1. What residue, of A46, A63, is surrounded by fewer than 16 Cβ atoms within 10 Å (Cβ to Cβ) and among the aliphatic types (A, V, I, L, M)?
2. What is the residue count in segment 18-69 for residues that are modelled with pLDDT of 80 or more and part of a helix (DSSP H, G or I)?
Amino acid sequence: MPAPIHRRITRWIIDRVLWDTDGIAPDGFWRGLWAARKLLAALVGAALLTWVEWVKHHPPELAIVAAIHFVFVFALIALLVYIGQWFGRDAKKSPGKQPNNTDHV
């Protein structure tokens, strides 16, 4: 029986956005830094957006604004990852569409 959709979405977010280990060669600190690169990019993007607005808001409001910025930047990164995977699938042909290379005697 297939997994429920919310579990598949959660697994995709964890595997492809939060902790993406594609292209990792070394171990240790650099491996963890590379695997969490999208999460770190979301934190930096949210920090930059919040820094631009820090004069307009008081500290309690600023925390809410920072959380909203993080959610939007993280969602944008997830959308970009999904679009990249979608276009990546078009480059790879499915086995059913590839020609049959059997030699007939």
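The values are calculated or read from the model by the stated rules, or taken from the named source; none is laboratory data. The structure displayed is predicted, hence computed values, not measured ones. Note that each Cβ is placed from the backbone with ideal geometry, even for glycine, and that neighbours are counted across all protein chains shown.
1. Details: A46 fails: surrounded by fewer than 16 Cβ atoms within 10 Å (Cβ to Cβ).
Testing whether each residue is surrounded by fewer than 16 Cβ atoms within 10 Å (Cβ to Cβ) and among the aliphatic types (A, V, I, L, M) leaves just A63.
2. Number of matching residues: 27.
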